[in-house]
Number of protein chains: 2
Amino acid sequence: MTEESTSRDAAAAPPSGKERRAGARPTLADIAQAAGVTRMTVSNALNGRGGVSDDMRERIREIAREKGYVTNWVAKKLSDSRSGSETGIIGVIAEIHTPFMGEVVSAISGAVRDQGRDMLVYSLPDPGKSFPGNVLDLLLHAVDGVIAVIPRDTRDFHMLAAAGVPMVVVDPLKETIDMPSVAADSYGGACCAMRHLIELGHRKIAFLAGEARRLSAQERLRGYRDVLREAGLAYRAEYVVEAGFLPEPARPATEGLLALDDPPTAIFAGNDASALSAISTIEQAGLSVPEDISVVGFDDVSLASQARRGLTTIRQPFADIGAAAVQLLLDLRAGDPEAATRHITLPVELIRRETTAPPRGDGLRR
Amino acid sequence: MTEESTSRDAAAAPPSGKERRAGARPTLADIAQAAGVTRMTVSNALNGRGGVSDDMRERIREIAREKGYVTNWVAKKLSDSRSGSETGIIGVIAEIHTPFMGEVVSAISGAVRDQGRDMLVYSLPDPGKSFPGNVLDLLLHAVDGVIAVIPRDTRDFHMLAAAGVPMVVVDPLKETIDMPSVAADSYGGACCAMRHLIELGHRKIAFLAGEARRLSAQERLRGYRDVLREAGLAYRAEYVVEAGFLPEPARPATEGLLALDDPPTAIFAGNDASALSAISTIEQAGLSVPEDISVVGFDDVSLASQARRGLTTIRQPFADIGAAAVQLLLDLRAGDPEAATRHITLPVELIRRETTAPPRGDGLRR
DNA sequence: CTGAAAGCGCTAACAA
DNA sequence: TTGTTAGCGCTTTCAG
């Protein structure tokens, strides 16, 4: 040892005033000192970087273990920032409340795992509030990119993108159309659902509209209108009610439909949550599905097939959505110039189960 | 300026080879240079630390904004590590798949927010796999503590705790009883549910057992047995079937019960997921709930009340659980010595809805 | 009110 | 194979 050059490495003598706080985690220097080598040797040994004899490596590993050494992620990251390496962690911003979100997040989780990476989920705070600085900053610096599935606030959102964090949006909003995105073919699905109902013989079809800010909701409405027109059916304003993609508002919305002078014989719900709620409402009103009223949903969340009567619905390819989002993010990060403007739309599929049937012969109810 | 002392501050001349990479984010030094002051002044100005004239502060803020400056969380954290400050972020380890988890995580989210902090969720990888180092390390260094709600693997889990991360467990497993925890009173709730059924006149009550590793599942089973004994009823092995707290296994389990020579007149399901699945199975078998068979669940997830027939169940005080977990974590972090061994059990409540009724007069079905 | 120095824990790049 | 130097971006401490 030379002459106490580096302050810490040579600080073998306690009196130097460099006493370690009790609860502090051991650092490279601590275990280096214990092993009688330099920090670099320890670093190399622990990271299997070669240049260390096998004995030494074992010895160091042993000491590290018993001292409970864990790499300081923050320090490592800061140091690595020079070489701009990845963290292997992908950030996900989402609301984990609804079943739909659950499916999407699970799918992303699977896809991320398939890529040998990991995922951290940030669930948004209450509406209107912006991201707290802490988390925003952490996300900004700790993850390789962000996949956002947000039904609401997007303010600080563009800021994240502006700060250079690769970002892709799943189920985009009007406000996020300028970012790369992944979504299911809502328009196509809606058309498919409507045609199914029309083929069954329905002429009076209501629509439980979803959250208007989501493009998917708009597209489903568009599909509803277009197929109506295509079938020569009139668009009736009283048949289109807001249900916000949620079960609670779907209830009064359905009741309203039931109370109409000329109630519909079928309901196309914007998503499964509202479809399930509608069915429950219909049955509580003493009617039955699909005998009195047919119902078709959208999403095919796992609950849809578990209901007493399996829900006829449009299946979103969740796994594909997750995989596409992750891939898109990776491409973006890799600098693929075309990725920045890529908008992926995945095909959906009609799943016929037990909540749709031909309408009752005209005799009943009016 | 003296003689180019600090490498960067004085590096006004490009030829120094210190060119900034194109995509790099601006640093304190960058904006300091643009403003013609030192980094500290910028730091102070941006963090509202005083010691900077108002004009200067405004000017600096302006420059920072247009340059898109964001403080480097990693560097800040590393620097702060000296003074051991908090990050204001709480980590949550959970599976977000099931409705129960969703409720718990939402509750924690709310509680965390109430404390002016924020939350990052890490969803476990596939069973058996251990935490990938990256995320573990990140968690270790980026959050003030961890709240875990894990149904499965716990290996690296104790390691996190050993590394000194304050940690509390919600709905603990056998393996985690040595950590501070928060849970609902499963035993009490089970007793309550069973007594309700018995008061209604049921004598043949089956139990859909939950995931055995979870203490809550064990406690519910214990409650089931104890109340049976207390009521002078025999424990019948064929009435206790595994359903793992999940809907899928609950289906065959229920079918098995229905196929018994002497089928039960009531089913106490370990949780709502299995209860709902049981009901659906019963109805598909052509029987009705509660006329033929009563069913009571456990949890009172939001779905329970939305079903066509509201599910009679035991309500877990999710909000309280979340709040207690966060509080416990904060106490732990604050060094409260007693917190380390605290196990909080919160009271539950029977919610009578429409899936329980007296058994059919003995005439029917044997 | 502002500036200089040192250091948080780690790693890349050489030197021995 | 091991040691040395420098620096990641920020903050604290102590001078000016």
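The values are calculated or read from the model by the stated rules, or taken from the named source; none is laboratory data. Since the structure is predicted, the reported quantities are computational estimates derived from the model, not experimental observations. A quick note on method: Cβ atoms are made from the backbone with ideal geometry, for glycine too, and the neighbour counts reach across all protein chains shown. Note: areas computed on protein heavy atoms with side chains; ligands, DNA, RNA excluded. Shrake-Rupley method; radii C 1.70, N 1.55, O 1.52, S 1.80 Å.
Modelled with pLDDT of 85 or more, away from DNA strand D (no atom under 16 Å from the Cβ), buried (at least 19 other Cβ atoms within 10 Å of the Cβ) and over 30 Å from B:Val301 (Cβ atoms): does that describe A:Val143? Yes. Restricting the search to region B:288-306, which residues are within 12 Å of chain A (Cβ to nearest Cβ) and over 15 Å from B:Phe245 (Cβ atoms)? Answer for region B:288-306, where residues must be within 12 Å of chain A (Cβ to nearest Cβ) and over 15 Å from B:Phe245 (Cβ atoms): B:Ser288, B:Val289, B:Ser302, B:Ser305, B:Gln306.
Looking only at region B:310-320, which residues are among the hydrophobic types (A, V, I, L, M, F, W, C) and open to solvent by less than 10 Å² (accessible area, probe 1.4 Å)?
Listed by number, the residues that qualify are B:Leu311, B:Ile314.
Residue under question is A:Gly223, and the condition is that it be farther than 27 Å from A:Leu173 by Cβ and either surrounded by fewer than 24 Cβ atoms within 10 Å (Cβ to Cβ) or more than 23 Å from the chain's Cα centre (by Cα) (or both); does it hold? Here the answer is no, as A:Gly223 does not meet what is asked. When you scan region B:70-77, do you find a residue that is modelled with pLDDT of 90 or more, touching a Leu at 6+ places or on another chain (Cβ under 8 Å) and more than 16 Å from DNA strand C (Cβ to nearest atom), even just one? For region B:70-77, residues modelled with pLDDT of 90 or more, touching a Leu at 6+ places or on another chain (Cβ under 8 Å) and more than 16 Å from DNA strand C (Cβ to nearest atom): absent. Cβ separations smaller than 6 Å between residues 6+ apart or across chains give no pair from region B:216-245 residues that are over 24 Å from B:Arg315 (Cβ atoms) and not assigned by TED's automatic domain parsing to the domain that holds B:Val149 to residues that are modelled with pLDDT under 95 and open to solvent by 70 Å² or more (accessible area, probe 1.4 Å). Of the conditions (1) within 11 Å of another protein chain (Cβ to nearest Cβ); (2) assigned to a helix (DSSP H, G or I); (3) surrounded by fewer than 18 Cβ atoms within 10 Å (Cβ to Cβ), A:Arg61 clears all except one; give me its number. Going through the list (1) within 11 Å of another protein chain (Cβ to nearest Cβ); (2) assigned to a helix (DSSP H, G or I); (3) surrounded by fewer than 18 Cβ atoms within 10 Å (Cβ to Cβ), A:Arg61 breaks only (1).
Considering region A:38-57, the residues that are more than 8 Å from DNA strand D (Cβ to nearest atom) and touching a residue at least 12 places away in the same chain (Cβ under 8 Å) include one that is farthest from the other protein chains (Cβ to nearest Cβ), namely A:Val42. Can we say B:Glu86 is open to solvent by 40 Å² or more (accessible area, probe 1.4 Å), touching a Phe, Trp or Tyr at 6+ places or on another chain (Cβ under 8 Å), closer than 22 Å to B:Ala148 by Cα and not hydrophobic (A, V, I, L, M, F, W, C)? Taking the combined requirement at face value, the residue does not satisfy it. Screening A:Ile96 on (1) modelled with pLDDT of 90 or more; (2) surrounded by 20 or more Cβ atoms within 10 Å (Cβ to Cβ) shows it passes everything except condition (1). Scanning region A:307-336 for residues that are within 14 Å of chain B (Cβ to nearest Cβ) and in contact with a Leu (Cβ under 8 Å, 6 or more places away or on another chain) gives A:Ala307, A:Leu311. On the stretch given as region B:193-213, residues that are open to solvent by 50 Å² or more (accessible area, probe 1.4 Å) and not in a loop (DSSP other than H, G, I, E, B) total 2. Scanning region B:144-167 for residues that are of a type in the set (A, V, I, L, M) and closer than 17 Å to B:Val121 by Cβ returns B:Val146, B:Ile147, B:Ala148, B:Val149, B:Ile150, B:Leu160, B:Val165, B:Met167. Residues that are of a type in the set (A, V, I, L, M), outside the structural domain of B:Glu199 (by TED's automatic domain parsing) and open to solvent by 20 Å² or more (accessible area, probe 1.4 Å) do occur in region B:332-339. Annotation note: of B:Thr6, B:Thr41, the sole residue that is within 12 Å of DNA strand C (Cβ to nearest atom), on the phi < 0 side of the Ramachandran plot and modelled with pLDDT of 75 or more is B:Thr41.
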